[in-house]
């Protein structure tokens, strides 16, 4: 068995460390507290580490931290992780592109797609993204991927409004629709089963059209 590690900080007893471990939510910190408590009880380093699910060297390292900083030294440090690919300034510029919209002459598109933004990001920031990664960037910026109907830069709004008014004037009124429905859809010169403008004449038991003639 290994020799017990010397603990120089004695402001807390083993029982106090166990009580604190019960109130701690971080399971890693709980194991460290219990490991220190076992050392205070005189357990060997190897046995203490095995009982708390760690190796001897790991327990030794946490013991040194406990001697230096107390219980606060047993806290799990925040991991910095991988730094973001785009800086805050670049993310702000990306959001400005999306909100403002593309320049058809300069960007060659009338609306942004992820593949288009991917090209622009590569040209502007020299960073290559997959189109799915571009969608994640837009999500971080609280921007949706839904796009409005494309608007052609040469669209004449006045002509569109005039055409809409012309179409509205040519539509049937609700009253004329009701009259047509009440009449069963039959118009003048038209039988329910024949084409408009063709009269059907009864000849014996057969029906002949006026335009067919004899034979």
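The values are calculated or read from the model by the stated rules, or taken from the named source; none is laboratory data. All figures in this text were calculated on a predicted structure; none of them were measured in a lab. Here the Cβ is made from the backbone with ideal geometry for all residues, glycine too, and neighbour counts use every protein chain on show.
Before moving on, here are some points about what is shown:
- Residues of segment 69-90 satisfying the condition of being without any contact (Cβ under 8 Å) to a residue 12 or more places away in the chain and surrounded by 11 or more Cβ atoms within 10 Å (Cβ to Cβ): 69, 73, 84, 87
- Residues that are over 20 Å from residue 15 (Cβ atoms) and either part of a helix (DSSP H, G or I) or touching a residue at least 60 places away in the same chain (Cβ under 8 Å) (or both), drawn from segment 47-68: 49, 50, 56, 57, 58, 60, 61, 64, 65, 68
- Lone qualifier among 20, 33 - being buried (at least 18 other Cβ atoms within 10 Å of the Cβ) and at pLDDT 90 or above: 33
- Residue list for segment 83-137, restricted to those being under 25 Å from residue 155 (Cβ atoms) and in a loop (DSSP other than H, G, I, E, B): 101, 102, 103, 108, 109, 110, 111, 112, 113
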